[in-house]
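The values are calculated or read from the model by the stated rules, or taken from the named source; none is laboratory data. Keep in mind it's a predicted model, so treat the numbers as computed, not measured. Note that each Cβ is placed from the backbone with ideal geometry, even for glycine, and that neighbours are counted across all protein chains shown. Calculation scope for accessible area: heavy atoms of the full protein, side chains included, ligands and nucleic acids excluded. Shrake-Rupley method; radii C 1.70, N 1.55, O 1.52, S 1.80 Å.
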Amino acid sequence: MKSNWPARIAGAAAGLANGLFGGGGGMVFLPILSRWGGLAQRKLYATCVGVIFSVCLVSAAVYLWRGGVSLYAALPYLAGGLIGGFLGGKLYGRVSTKLLKWLFAAFLFYAGVKYLL
């Protein structure tokens with residue numbers, strides 16, 4: 001029987017990154033899941049989103065409980081994020097996996113540079 005410990009450790013690493021940085025669990029989880037998950041590329045991205053969604057819910061609940069969230073400040077971003085998430089989900093099957101990889105890498109690079117500056 002295959003051990004689930006690597007998956008549990010990967011999930012814990014993604015959750016830790018998400019909790020510490022307020023996001024970014026996908027940056028940890030996507031490369032790990034692509035190596036050990038054995039999923040086709042499209043199913044890989046969708047599975048990562050599904051896992052990160054629940055990780056984000058837990059992190060958000062902890063932030064809310066500790067008083068670290070300004071719902072008033074978050075509302076405009078939430079509205080746009082919901083619309084963008086819907087549109088991204090609708091476009092998902094129409095974008096090549098090669099372009100998805102490049103977009104993801106470009107986003108990570110941009111975010112990394114912005115954090116350093």
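Listing for the model above:
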{"item": "When residues of the range 68-98 are limited to those that are among the β-branched types (V, I, T) and open to solvent by less than 50 Å² (accessible area, probe 1.4 Å), the one farthest from I9 (Cα to Cα)", "result": "V95"}
{"item": "Criterion violated by K101 - all others in (1) within 22 Å of N4 (Cα to Cα); (2) exposed (fewer than 15 other Cβ atoms within 10 Å of the Cβ) satisfied", "result": "(1)"}
{"item": "Residue, farthest from the chain's Cα centre (by Cα), within the range 54-67, restricted to residues that are within 16 Å of G81 (Cα to Cα) and surrounded by 13 or more Cβ atoms within 10 Å (Cβ to Cβ)", "result": "A60"}
{"item": "Residues (under 22 Å from F21 (Cβ atoms) and over 16 Å from the mean Cα position of the chain (by Cα)) located in the range 80-108", "result": "G80"}
{"item": "Check on Y77, more than 13 Å from the chain's Cα centre (by Cα), touching a residue at least 24 places away in the same chain (Cβ under 8 Å), under 22 Å from A111 (Cβ atoms) and part of a helix (DSSP H, G or I)", "result": "no"}
{"item": "Failed item in (1) under 21 Å from Y115 (Cβ atoms); (2) surrounded by 15 or more Cβ atoms within 10 Å (Cβ to Cβ); (3) modelled with pLDDT under 80, with G22 passing the rest", "result": "(2)"}
{"item": "Close pairs from the range 44-71: first on the phi > 0 side of the Ramachandran plot, partner open to solvent by 50 Å² or more (accessible area, probe 1.4 Å) and of a type in the set (S, T, N, Q), Cβ under 7 Å, at least 6 apart", "result": "none"}
{"item": "Residue, farthest from C48 (Cα to Cα), within the range 80-100, restricted to residues that are in contact (Cβ under 8 Å) with a residue 40 or more places away in the chain and not β-branched (V, I, T)", "result": "G93"}
